[in-house]
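The values are calculated or read from the model by the stated rules, or taken from the named source; none is laboratory data. Keep in mind the model is a prediction, meaning the values are calculated, not measured. All Cβ positions, glycine included, derive from the backbone under ideal geometry; neighbour counts span all protein chains shown. Heads up: the accessible areas ignore ligands, DNA and RNA and are worked out on the full protein's heavy atoms, side chains in. Shrake-Rupley method; radii C 1.70, N 1.55, O 1.52, S 1.80 Å.
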Amino acid sequence: MEKFAKNHPLWTLVIALLVVAFLWLVLAPWPAELEAAVGRKRVFLNALLGGVTLGALYFLVASGFTLIFGLMRTVNLAHGSLFLLGGYIGYEVATYSGSWLLAFPVVFVVVGLVGLMMQRFIFSHMEGEELRQTLVSIGLSIVLADLMLWYWGGQSYTTLAPALLRGPLELPIISSINPTSGEAIYIRYPAVRVWILVAAIVIGLAMWLVLNRTSLGMVIRAGVDDREMLAASGVRIQLVFLAVFVFGAGLAGMAGIIGGTFQSLSPGEDTRFLLASLVVVIVGGMGSIVGAAIGAIIIGVTEQMGLVYAPTYSVVFTFLIMAAVLAFRPQGLLGAGR
């Protein structure tokens with residue numbers, strides 16, 4: 001940051017002013033003139049919080065994708081199917097066991113095993129062949145989508161959160177001022193979405209620490225940069241990459257449970273979240289956990305703000321951001337040039 005501020009003082013000033021303006025919009029009561037021009041602050045805050053929590057869900061899906069695609073250079077376009085499969089299995093486990101939390105380890109193991117079979121018996125035989133990986137993974141996604149449609153049908157499923165996470169949670173953010181008493185009215189937001197955001201932050205920090213502060217992360221990054229040299233040193237790189245693929249698949253499956261709790265699950269959600277993951281990875285940068293987090297927040301907030309203030313063009317805004325990043329920084333915001 002210090003280096004950026006010295007090299008780009010004007011941009012630093014602009015960014016600082018934008019941050020201050022944003023914090024004022026979120027934390028300070030809005031004057032009547034601003035509410036007349038933009039709308040009620042409560043609507044703005046709900047759209048903002050909805051975008052941030054949607055971004056948290058996108059991050060959970062895209063972080064597994066950026067590990068598989070960004071680090072391993074494996075094009076797995078069946079990643080969205082793993083998300084939907086995990087959501088369906090999580091719904092079944094939570095419904096029949098009565099435990100929402102039990103669904104997470106079960107889904108991680110089951111979907112992780114599916115990912116293990118995909119990597120061991122399919123993708124490991126076509127390393128470096130991106131076109132073959134793309135075509136085969138598209139075929140896999142179609143097969144998985146048809147199998148899920150056959151078993152679970154075309155209806156929507158919603159996984160109920162535990163009673164502890166139901167209901168609203170009062171946040172320390174002022175939504176308005178009571179005109180008669182002058183008391184501050186604070187925003188109330190669904191507790192389950194707040195805890196989804198907290199879980200995404202914890203998982204993101206854990207992944208960053210593993211990749212950047214542990215010997216396992218060093219091996220993974222070294223294997224991406226020079227696989228042959230690492231293999232020659234005695235490291236079983238195939239086993240390491242298999243473990244990474246399994247973890248990415250299991251994470252996508254657990255994100256499916258959260259998606260089923262956050263919104264609902266139905267045919268077509270696999271394609272939607274696959275596209276969202278692609279956009280997030282492109283915007284944030286391949287192989288970067290922090291980049292995936294920033295890209296997910298940008299896309300989630302843009303999508304929700306667009307739905308509230310310009311619903312006709314909400315989808316366009318997302319792809320305009322992706323096009324701008326590809327035009328001015330093709331490697332992504334935090335991606336490393338290769």
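Brief remarks follow.
- Stokes-Einstein D in µm²/s, Kirkwood radius over Cα pairs - the chain at 10 °C with 1.306 mPa s viscosity: 74
- Under 5 Å from the amide H of L169 lie the amide H atoms of Y189, A191, each residue being 5 or more positions distant or on a separate chain, with H modelled from the backbone and absent for Pro and chain starts.
- Cα centroid separation - the range 1-64 against the range 147-161, whole Å: 36
- ³J(HN,Hα), Karplus 6.51/-1.76/1.60, whole Hz, each residue of the range 186-196, x for Gly, Pro: 8, 5, 10, 9, x, 4, 4, 6, 5, 6, 5
- Summing Cβ point charges (Lys, Arg +1; Asp, Glu -1) relative to the Cα centre of the range 1-123 gives a dipole of roughly 240 debye.
- Extension gain (nm, one decimal) between L239 and S215, 0.36 nm per residue minus Cα-Cα: 7.1 nm
- Built amide H within the under 5 Å cut-off of S176, gap 5+: I185
- Inter-label distance, L113 to T312: 5.2 nm, where each label sits 7 Å from its Cα along the C-beta direction.
- Computed from phi, the 3J(HN,Hα) profile of the range 102-119 under the Karplus parametrisation 6.51, -1.76, 1.60 (θ = phi - 60°) reads 4, 4, 5, x, 4, 5, 4, 5, 5, 5, x, 5, 4, x, 4, 5, 4, 6 Hz, with x in place of Gly and Pro.
- FRET efficiency estimate (nearest 0.05) - Cβ-Cβ, A232 to Y157, R0 35 angstrom: 0.10
- Per residue solvent-accessible surface (Å²) - the chain, probe of 1.4 Å: 51
- To the nearest ten degrees, helix 79-97 and the longest principal axis of the Cα atoms of the chain are 80 degrees apart.
- Per-residue Karplus couplings for the range 143-154, computed as 6.51 cos²θ - 1.76 cosθ + 1.60 with θ equal to phi - 60°, are listed in order as 5, 5, 5, 5, 5, 5, 5, 5, 7, 9, x, x Hz, Gly and Pro entered as x.
- Between 0 and 90°, nearest 10: helix 237-262 axis offset from the chain longest Cα axis: 40
- Rounded tilt (10° steps) of 41-65 against the dominant C-alpha axis of the chain: 10
- The amide H of S264, built 1.01 Å from its N in the peptide plane, has no neighbour under 5 Å, considering only residues 5 or more places off or on other chains.
- Accessible carbon and sulfur surface of the chain relative to its total accessible area, %, 1.4 Å: 71
- Magnitude of the charge dipole for the range 174-258, about its Cα centre and with charges confined to Cβ atoms of Lys, Arg (+1) and Asp, Glu (-1), is about 140 debye.
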